[in-house]
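What follows is a short report on a single structure.
The values are calculated or read from the model by the stated rules, or taken from the named source; none is laboratory data. Note that the coordinates shown come from a computational prediction; the quantities given were computed from them, not determined experimentally. Don't worry about glycine lacking a Cβ; one is built from the backbone with ideal geometry, like all the others, and counts go over all protein chains shown. In case anyone asks, the SASA skips ligands and DNA or RNA and just uses the protein heavy atoms, side chains included. Shrake-Rupley method; radii C 1.70, N 1.55, O 1.52, S 1.80 Å.
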Amino acid sequence: MFQIKSKQKSFDELLIEIEGSISVENAAFVNDELTRILESQPLKNMELDLVGINYLDGSGIAVIRNFVRNSNMLRNTVTLSNVPAEAKRFLETKQCQINESTSILEGIDEPDFSEQVGQGLLVLKQSAYDIITFLGAVIEAFVTGFRRSASIKWDGFTRIFEKAGVDAVPIVVILSLLMGAILAFQAAIQLRKFGANIFVADLVSLSICLEMGPLLTALIMSGRSGAGYAAHIGSMQVSEEIDALRVLGIDPVLYLVCPRIIAVALAAPCLTLLADVMGIIGGCLVAGFSLDVTPATYFNQVKKVLEISDVLKGLTKSFIFGIQIAGIGCLRGFQVRGGAESVGAATTSAVVTCIFVLTVTNAVFAVLFYYFPRIWSF
Amino acid sequence: MAEKQSVSAISARNISAGYAEQIVIRDISFEIPKGEVFAIMGRSGCGKTTLFKVMVGLLKPLKGEIYYGASKMEPISENPQLGILRKLGVLFQGGALFSSMTIADNVALPLRQLTSLSKDVIKELVYLKLDLVGLSDSARKLPDELSGGMKKRAALARALALDPEILFFDEPSTGLDPLTSAELDQTILNINSSIRTTIVVITHELRSAFAIADRAILLDPVDKTVIAQGPPQELRDCSTDQRVRNFFQGHGG
């Protein structure tokens, strides 16, 4: 395909002749060959003769330019001769020297530490601003929605509720059953040592109803609904659908966000109740099989220790979690700018933000319930 | 001036707009009389879409005002002017159909949300509008199942749902073959002549501008403002401005 011959032309000049075709298939070999010649030759003056070239594509030109630049770096002088007419404007020696294309493929310079901190703070400020504006918009939408309730028709509400609530039933059932069983297993090891087997019912029912049930349900919902809303609204943002709603005179917050918040806020306590029941049943199974506690004894003990206020505390939490999950999902969706990549980022961010906010809220509730233990007791 | 205001459907006064310190358009003023087909033309990147967004209230201008008749347009994000928005119909570049709803539901959405019409009347209206754009057979399809041209027509049906006084078209011919885009132009003309709707078309297609526009403004990406204003044929044939001539000749018009 190609041939490179080098010979000494005069006492201080080397002549390199390239023949054949240089294309993207063999450019790498040509490059290696030229580099080898360049590195092994003591002569400082070189002439690259392209007379035998019958085909030269973009990669061939790049190889020759690379050769010229490398020789310049070694302070060699290179002259090109018999350059094909079509390639002339790419291979003028002057251009090869001046053009610094070396850094174009390196990423954009990382800003230094202080700059990054500054940018981070600006992002923080912007997101705080976004959250507050969004909260305001949601509250405003709810207020207007209630005031002129005739003007808003959530034709898709049942569908949204079904997707957020009913469709999540199977996974909530399975996971909470397992969670109850796991808790019971962990307890079994310790309780058996003291012969306090019956207290497995206390442990499972209280921790499921107060903590695990609401939290587990909320996490499942943030993965399903929160991420789903972020992706849905985000892609609507990308395809101008949100703009279309706006110019139709329909408030996207009122039309999209409010029904979702209500749907998730209502679905979350329902699912949590289901999770509570299934978790206690899971505990019962393990208690029956490995702790010799009969279901009757187990449920008797549950009845003794579990108060209605405990369940209501859990449901209150999950109601608040529901509002947060839908709100965060929608907020992240509205923040999407640009294309598909941004939708993916919004989805991830929705889930991460949900987990963070849920945990913090849970901690607040823990403190609240510690200081006001009589909440919800009748 | 006062007399002029009463006949203008839209008047833009000294509009400057841009994003984050970068000015995209500056000092743009024009009047669009009722019933006119008005084209906003210019090369890519000259701020046509920015101007369009300012006009429909999606973007807050840095300076200047838009008036519809006697009422001032405010940015939707700050103070939505439902009275004005109700009179506007907008066809977005990609159609912007709601992808989770059928075509019929898309057209019905503004009717359901913004009017108190009964179900049966809405059904009739949706059928009428879809028939007008020739899509009555595809009413129960989802937007994804339609071709590009059909999507545009469906979006047009939705924009027409509330019988707007002013229709906006953002690059109606994007992604359409010449034949379909000529059909769309014809539809635009029909709407204009049958119900005297004022129509604003944002376009870089000379052919469609010549075919439909009564008057046009030409924006320039360097000057960022209006460099010519008038009937498109006149601009092409009589302008002495080199930038205007370049625009028309460069397109082989």
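Are any residues in region B:100-112 more than 7 Å from chain A (Cβ to nearest Cβ) and open to solvent by 10 Å² or more (accessible area, probe 1.4 Å), and if so, which ones? Result: B:Ser100, B:Met101, B:Thr102, B:Ala104, B:Asp105.
Residues are listed down the side, and each one gets a yes or a no for (1) open to solvent by less than 20 Å² (accessible area, probe 1.4 Å); (2) within 25 Å of B:Asn14 (Cβ to Cβ):
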| site | (1), (2) |
| --- | --- |
| B:Ser173 | yes, no |
| B:Ser193 | no, no |
| B:Ile199 | yes, yes |
| B:Phe210 | no, no |
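For region A:228-240, does any single residue satisfy the condition of being under 25 Å from A:Thr348 (Cα atoms), assigned by TED's automatic domain parsing to the domain that holds A:Gly180 and not in a helix (DSSP H, G or I)? Within region A:228-240, one or more residues are under 25 Å from A:Thr348 (Cα atoms), assigned by TED's automatic domain parsing to the domain that holds A:Gly180 and not in a helix (DSSP H, G or I). Considered as a group, the residues in region B:85-97 that are facing chain A (nearest Cβ under 9 Å) and more than 15 Å from B:Leu156 (Cβ to Cβ) include one that is most open to solvent (accessible area, probe 1.4 Å), and that residue is B:Arg86.
Of all the criteria given as (1) out of contact with any strand residue (DSSP E or B) (no Cβ under 7 Å at 6 or more places or on another chain); (2) open to solvent by 30 Å² or more (accessible area, probe 1.4 Å); (3) not small (Gly, Ala, Ser), the one not satisfied by A:Leu38 is (2).
Of all residues in region B:51-62, which are open to solvent by 10 Å² or more (accessible area, probe 1.4 Å) and in contact with a Leu (Cβ under 8 Å, 6 or more places away or on another chain)? So that I can check it myself, show each step before the final result.
Of region B:51-62, the ones open to solvent by 10 Å² or more (accessible area, probe 1.4 Å) are B:53, B:58-62.
The one that is open to solvent by 10 Å² or more (accessible area, probe 1.4 Å) and in contact with a Leu (Cβ under 8 Å, 6 or more places away or on another chain): B:Lys53.
In region B:154-253, counting only helices (runs of 4 or more DSSP H) that sit wholly within it, none holds 3 or more residues that are on the phi > 0 side of the Ramachandran plot and within 13 Å of the chain's Cα centre (by Cα). Put simply, of A:Leu315, A:Leu274, A:Leu291 the only residue that is of a type outside the set (Val, Ile, Thr), away from chain B (no Cβ under 14 Å) and open to solvent by 40 Å² or more (accessible area, probe 1.4 Å) is A:Leu274.
A single member of A:Glu92, A:Glu25, A:Glu19, A:Glu33 is out of contact with any strand residue (DSSP E or B) (no Cβ under 7 Å at 6 or more places or on another chain), acidic (Asp, Glu) and surrounded by 12 or more Cβ atoms within 10 Å (Cβ to Cβ), and it is A:Glu92. Listed by first and then second residue, the pairs with beta-carbon distance under 7 Å, at least 6 apart or on different chains, first residue in region A:242-254 and more than 7 Å from chain B (Cβ to nearest Cβ), second in a loop (DSSP other than H, G, I, E, B), are A:Leu254/A:Ile152.
Looking only at residues of region A:51-83 that are touching a Lys or Arg at 6+ places or on another chain (Cβ under 8 Å) and polar (S, T, N, Q), we find that the one that is least open to solvent (accessible area, probe 1.4 Å) is A:Asn76.
Here is a yes/no grid of residues against (1) under 24 Å from B:Leu189 (Cβ atoms); (2) in contact with a strand residue (DSSP E or B) (Cβ under 8 Å, 6 or more places away or on another chain):
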| position | (1), (2) |
| --- | --- |
| B:Ile32 | yes, yes |
| B:Leu59 | no, yes |
| B:Gly69 | yes, yes |
| B:Met73 | no, yes |
| B:Phe98 | no, no |
| B:Ala108 | no, no |
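Let's see how each residue does on (1) free of Cβ contacts under 8 Å to residues at least 40 places away in the same chain; (2) more than 25 Å from A:Leu203 (Cα to Cα):
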site: A:Ile281; (1), (2): no, no
site: A:Ala287; (1), (2): no, no
site: A:Phe299; (1), (2): no, no
site: A:Gly314; (1), (2): no, no
site: A:Gly322; (1), (2): no, yes
site: A:Ala345; (1), (2): yes, yes
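In this structure, is B:Ser71 under 21 Å from the mean Cα position of the chain (by Cα), without any contact (Cβ under 8 Å) to a residue 24 or more places away in the chain and more than 13 Å from chain A (Cβ to nearest Cβ)? Spelling it out, B:Ser71 is indeed under 21 Å from the mean Cα position of the chain (by Cα), without any contact (Cβ under 8 Å) to a residue 24 or more places away in the chain and more than 13 Å from chain A (Cβ to nearest Cβ).
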